[in-house]
Ligand SMILES: [Zn+2]
């Protein structure tokens, strides 16, 4: 099977896992594509899609731009409200393709077999409001718990109750990590920080390198030869949280109260987070940490404004 466009693979000369690294699943989050490029240039992979073989890799390393059309447009999705990271569901991937399919669904179909074949996958994202970096996965498994401390992030966020899916009226979220997990692999989303903030790219890059070495796909000596001295381990392991509450917009024109649009900040039950033009306050449904505060420019009535997470 020919590779889809903007996918590159490095086949190792010795057996090992299949590991996939994705950037730009959301087209307005370019930090991940920069890290994908570092790897593909190190392996001499140019052009729109290419394969190579390397003694430095064990198994197969798959590199991909998630959504090239959305990246070209600098938009979250290629079209419509349902972005690529909400299409990885059996009922959508599995149904017969149609001319009226959204561009994002077409891309999901192209990437789905690669993600399904991955033992491990890391999907690099950015957030619309500022936030410390964190890892996420719909369901956190023992493998997630073992690998998460490789990343220099304070938090790991699970969504076992499916709050992210509800945002677009879906029953399941259809994320890349969910698709990997459904097929027996271990997938992470990695929110590196605000989507236009490249200042944390080096922290993410160190995590990517540790991840590739720990999964076994990249030999430690090859990592050091290609990319320099191996990064020191993170100072502290992350704390695990899960989404426990979400609040949807009931009116237009929502604005955050000063300082309340920051991800991973503590909130108390009933504490005001924002306000509509009618002066009606929007309050936290429970106490915990405020996560995924959606930037007001992206808020639509009926969709989620923000979530509250608590320690697992
Ligand atoms: Zn994203």
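Going through (1) in contact (Cβ under 8 Å) with a residue 60 or more places away in the chain; (2) in a loop (DSSP other than H, G, I, E, B) one by one, residue 38 falls short only on (2).
Across the stretch 120-147, the number of residues qualifying as closer than 18 Å to residue 183 by Cα and either away from the ligand (no atom under 16 Å from the Cβ) or assigned by TED's automatic domain parsing to the domain that holds residue 307 (or both) comes to 7. Annotation: residue 178 fulfils all but one of (1) within 16 Å of the ligand (Cβ to nearest atom); (2) touching a strand residue (DSSP E or B) at 6+ places or on another chain (Cβ under 7 Å); (3) within 23 Å of residue 8 (Cα to Cα); the unmet one is (2).
With respect to the stated conditions, residue 63 is away from the ligand (no atom under 16 Å from the Cβ), modelled with pLDDT of 95 or more and either in a helix (DSSP H, G or I) or on the phi < 0 side of the Ramachandran plot (or both).
Conditions (1) within 16 Å of the ligand (Cβ to nearest atom); (2) buried (at least 20 other Cβ atoms within 10 Å of the Cβ); (3) modelled with pLDDT of 95 or more; (4) not assigned by TED's automatic domain parsing to the domain that holds residue 32, marked per residue:
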| site | (1), (2), (3), (4) |
| --- | --- |
| 53 | no, no, yes, no |
| 73 | yes, no, yes, no |
| 90 | no, no, yes, no |
| 101 | no, no, yes, no |
| 114 | no, yes, yes, no |
| 118 | no, yes, yes, no |
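When the stretch 267-307 is filtered for residues that are buried (at least 18 other Cβ atoms within 10 Å of the Cβ) and at positive phi, the ones remaining, listed by number, are 288, 292.
Determine if the stretch 234-247 includes at least one residue that is more than 22 Å from the chain's Cα centre (by Cα), closer than 30 Å to residue 218 by Cα and surrounded by fewer than 21 Cβ atoms within 10 Å (Cβ to Cβ).
First, the residues of the stretch 234-247 that are more than 22 Å from the chain's Cα centre (by Cα): 235.
Checking which are closer than 30 Å to residue 218 by Cα leaves us with 235.
Right, trim to surrounded by fewer than 21 Cβ atoms within 10 Å (Cβ to Cβ) and you get 235.
Scanning the stretch 234-247 turns up at least one residue that is more than 22 Å from the chain's Cα centre (by Cα), closer than 30 Å to residue 218 by Cα and surrounded by fewer than 21 Cβ atoms within 10 Å (Cβ to Cβ).
Residue-wise test of (1) in contact (Cβ under 8 Å) with a residue 12 or more places away in the chain; (2) closer than 23 Å to residue 30 by Cβ; (3) surrounded by 19 or more Cβ atoms within 10 Å (Cβ to Cβ); (4) within 14 Å of the ligand (Cβ to nearest atom).
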position: 160; (1), (2), (3), (4): yes, no, no, no
position: 173; (1), (2), (3), (4): yes, yes, yes, yes
position: 185; (1), (2), (3), (4): yes, no, yes, no
position: 196; (1), (2), (3), (4): yes, yes, no, yes
position: 199; (1), (2), (3), (4): no, yes, no, no
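With respect to the stated conditions, residue 169 fails to be modelled with pLDDT under 95, within 13 Å of the ligand (Cβ to nearest atom) and assigned by TED's automatic domain parsing to the domain that holds residue 216.
Taking residues in the stretch 9-28 that are in the same structural domain as residue 43 (by TED's automatic domain parsing) and on the phi > 0 side of the Ramachandran plot, and partners anywhere that are within 16 Å of the ligand (Cβ to nearest atom) and part of a strand (DSSP E or B), the pairs with Cβ atoms closer than 6 Å and at least 6 places apart or on different chains are 24/65. Screening residue 80 with (1) at positive phi; (2) outside any loop (DSSP other than H, G, I, E, B) gives one miss only, at (2).
Are any residues in the stretch 248-266 over 23 Å from residue 133 (Cα atoms) and surrounded by 15 or more Cβ atoms within 10 Å (Cβ to Cβ), and if so, which ones?
As a first pass, look at the stretch 248-266 and keep what is over 23 Å from residue 133 (Cα atoms): 248-255.
Selection gives 248, 249, 254.
The values are calculated or read from the model by the stated rules, or taken from the named source; none is laboratory data. Everything numeric in this text was worked out from a predicted model, so none of it was measured. We place every Cβ from the backbone using ideal geometry, glycine too, and count neighbours over all the protein chains shown.
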